[in-house]
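What follows is one structure encoded as structure tokens, with my remarks underneath.
The values are calculated or read from the model by the stated rules, or taken from the named source; none is laboratory data. Quick caveat, the model's predicted, so the values are computed rather than measured. Using ideal geometry, Cβ is built from the backbone for each residue, glycine included, and neighbour counts are taken over all protein chains shown. Remember, those area values only see protein heavy atoms, side chains included, never the ligands or the DNA or RNA. Shrake-Rupley method; radii C 1.70, N 1.55, O 1.52, S 1.80 Å.
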Amino acid sequence: MSITLSDQDKSTLRTAAYGAVSLMVAAGAAGKPHKIATDGGIALGSATGLVGHVLAEYPKGKDLGGKSVAEIADRVLPALTAAMNLLKQQDPAEAENFRRTVLVAVETAQMHQGRPSPTSTEMVRKITEALDAASVAAADSGAVPEAAAGQDRPEWQKAIEEMVESGFVGVSLRVHDERGEWAGSAGAAELGGAAKPPINGHVRIGSNTKTFTATLVLQLVAEGKVGLDVPAADYLPEFGLDRRITVRMLLQHTSGVFNFSGEVYDDGTVVPGIPIPYGTTGKEWVDNRFKVYRPQELVELALSKPARFEPGTGWSYSNTNYVLARLLIEKVTGRTYAEEMQRLILGPLGLSGTVVPDASPGIPEPHAHAYYRYEDAGEHKTVDITRQNPSWISTGGDMISTTQDMHTFISALLGGKLLPAPLLAEMCTPHPTGIPNMDYGLGVFVVTTDDGGTVISHNGAAVGHAALMYSTPDGSKTLTAALNCVDDADLSIAAAFQKAQQRLLNEVFCGGQADPAQPTG
């Protein structure tokens, strides 16, 4: 059978296979790391067929050494599934060859660990599960996946193709409804490339991070560690917060605290914060996109500016609220935000494709690429900004996920699996925002469709990447999407982004909305 793999496809196979061996090295601390890596690598190098040819080209020294088990697993496990998917689409025999090769390498590595540690045994199980999680359809194709076999939804494929025509580089869409699951992609993973975006690739989800964060705070409320209507200053006394600001106000954007990424007032006055990719600071952001910001630094900058309004007297979208929520989580638990996210959400739901990056600039494979266009000394430049340090936005919008993980999360959340019913009701109780047909709960937008229906949503943009997440209030029907584009200081893609949301809402939820625009970060 003829088979064609792009350079990105080959990179995914190598990352997955050699990453699996690296995972065994990291998990087998009681063994002999060099011996484990050598023997595992030899086993991979002995592969036959196309798989053997691809793995033989692996660039030496490009490994995952020095990283933790969790960091390697976050990158490698999704890559294993993606590798199996793209091979199954074109040649099931090569897919089985790849699976067998990886498992032999893992088994060979484990043999030289002496008595396997519990961690290495667990990693073998996860590697096997990742290989077996692949569906018959490829992750990188526009084909309907196995879970959606028999569904003919050409209107959805047409919708995402039209989104590409409107200016996006690529779009991946996943819908779960009463007929099952449909997933597809259109456009390109890279500018000038032929390969489509991976259907379940990783994407920077921007302000969808706020929904994860709000859920985490509400889980701590359920555990009795946080009070919704307690002054936030009781948990974070070091910042001198106005004692009228409650935890609820942080999650609801009613605190009035200045947005560290800048404010635009009703009269058009712009008060800048840190350099961001939009407005007059685009070139500065590009040049310093690997700079590390600490959450405390962002909060202190925001609090040095006048409040937008008295606490509880208005609504204004402020990323500062959610950085304060992060610091609150860390203060009351004594653990990092990432550790609590893993304990309460990612671990229980099995969201292996979701990452809390903190200040790490990388993004796991597979993924589509993000771009930024700017002017430098009169010359227009377009740069790949897929790698960027997301600490500039912190928990205002730094997380990475997949369309599958976003579906699993929002469906579980609204289906009552993460929060007690009273707290879920609090989360979805709308507070007026002044935006037509769109109010805000606690970390979610409550959207009224044209036909009078309701969807729960939070979308996000993260400079060249964007993500959509919509659901019916009971979690039974969801829409999740990942988009990649060429961004710029003037937000030229914004109109197409709004139109895309409108189109997809109309297609999937049979309603639509008057103004689908949402603040993003």
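I need the Kirkwood Rh of segment 321-475: take the reciprocal of the average 1/r across all distinct C-alpha pairs and report it in angstrom. The partial results should precede the final answer.
Working: mean 1/r = 0.0573 Å⁻¹.
Hydrodynamic radius (Kirkwood, Cα only) of segment 321-475 equals 17.4 Å.
How high is the relative contact order of the chain, given as a whole-number percent (alpha carbon pairs under 8 Å, six or more residues apart)? Don't skip to the end; give the middle numbers.
Numbers: 1077 pairs, mean separation 85.2, N = 521.
Worked out over the chain, it gives 16 percent.
At 1.4 Å probe size, put C428, C485 in order of accessible surface, largest to smallest.
Correct descending sequence by accessible area is C428, C485.
Could you give the C-alpha radius of gyration of segment 215-343 expressed as a fraction of 2.2 N^0.38 Å, taking N as the number of residues it contains? Display every interim value, and only then the final one.
Numbers: Rg = 15.3 Å, N = 129, 2.2 N^0.38 = 13.9 Å.
The reported ratio for this selection is 1.10.
Let's see if you can work this out: charge +1 on each Lys and Arg Cβ, -1 on each Asp and Glu Cβ, no other charges. What is the dipole magnitude of segment 380-456 about its Cα centre, in debye to the nearest 20?
Taking the Cα centre of segment 380-456 as origin, the dipole is about 260 debye.
Using +1 at the C-beta of Lys and Arg and -1 at the C-beta of Asp and Glu, which of H369, V383, G416 has the Cα lying farthest in the positive direction of the dipole of segment 333-421?
G416
If you place +1 on the Cβ of every Lys and Arg, -1 on the Cβ of every Asp and Glu, and leave all else neutral, what size is the dipole of segment 316-400 about its Cα centre, to the nearest 20 Debye?
Value, rounded to 20: 300 debye.
Which net charge results for the neighbourhood of Y371, defined as the other residues with beta-carbon distances under 14 angstrom from its beta-carbon, given Lys and Arg at +1 and Asp and Glu at -1?
Result for the local shell: +1.
Report, largest value first, the span of the C-alpha coordinates of segment 438-512 along each principal axis, in whole Å.
36, 25, 19
Using only the alpha carbons of the chain, determine the length spanned along each of the three principal axes and report them from longest to shortest in whole angstroms.
68, 55, 50
Give, in whole angstrom and from largest to smallest, the semi-axes √(5λ) of the equivalent ellipsoid of segment 265-413, with λ running over the eigenvalues of the Cα gyration tensor.
For segment 265-413, the semi-axes come out at 27, 24, 14 Å.
Out of all DSSP beta bridges in the chain, what portion is antiparallel? Express it as a percent rounded to 5.
90 percent
State, as an integer percentage, the relative contact order of segment 205-332 based on alpha-carbon contacts under 8 Å between residues 6 or more apart.
33 percent
At a 1.4 Å probe radius, which order do E263, E238 fall into by accessible area, largest first?
E238, E263
Using +1 at the Cβ of each Lys and Arg and -1 at the Cβ of each Asp and Glu in the chain, identify which of S46, T254, A56 lies farthest towards the dipole's positive end.
After comparing all options, I get S46.
Would you mind working out the accessible area per residue for the chain, using a 1.4 Å probe, and quoting it in Å²?
Solvent-accessible surface per residue comes out at 38 Å².
When ranked by the protection proxy of mean other Cβ atoms within 10 Å per residue, highest first, what sequence do the peptides 347-357, 280-290 form?
The peptides rank, most packed first, as 347-357, 280-290.
Would you calculate, for the chain, the mean residue ellipticity at 222 nm contributed by helices, counting each DSSP H stretch of 4 or more residues as -39,500 (n - 2.57) and dividing by all residues, to the nearest 500?
My calculation for the chain gives -12000 deg cm²/dmol from helical runs alone.
With the full set of protein chains in place, find how many percent of the accessible area of segment 300-356 is carbon and sulfur; take the probe as 1.4 Å.
So the carbon and sulfur contribution to the accessible surface is 51 percent.
Quick one: putting +1 on the C-beta of Lys and Arg, -1 on the C-beta of Asp and Glu, what dipole do you get for the chain around its Cα centre, in Debye to the nearest 20? Before the final figure, lay out each step's value.
Numbers: 42 positive and 59 negative charges, 290 e Å.
Computed charge dipole of the chain: roughly 1400 debye.
Using the structure shown, select from K67/K126; K331/K417; K10/K126; K210/K381 the pairs with a Cα to Cα distance greater than 29 angstrom.
From K67/K126; K331/K417; K10/K126; K210/K381, over 29 Å: K210/K381.
Got a sec? What order do H53, H380, H431 fall in by accessible area at 1.4 Å, biggest, i.e. largest, first?
H380, H53, H431
Provide the solvent-accessible area of E129, counting protein heavy atoms only and rolling a 1.4 Å probe, rounded to the nearest 10 Å².
100 Å²
Probe 1.4 Å, all protein chains in place: accessible area of K210 in Å², nearest 10?
Its heavy atoms expose roughly 0 Å² to the probe.
Excluding ligands and nucleic acids, what accessible area in Å² is computed for R343 using a 1.4 Å probe, to the nearest 10?
We get 90 Å² for R343.
Suppose each label sits 7 Å from its Cα in the direction of the beta carbon; what would the K67-K499 distance come out to in nanometres?
Here the answer is 3.8 nm between the modelled labels.
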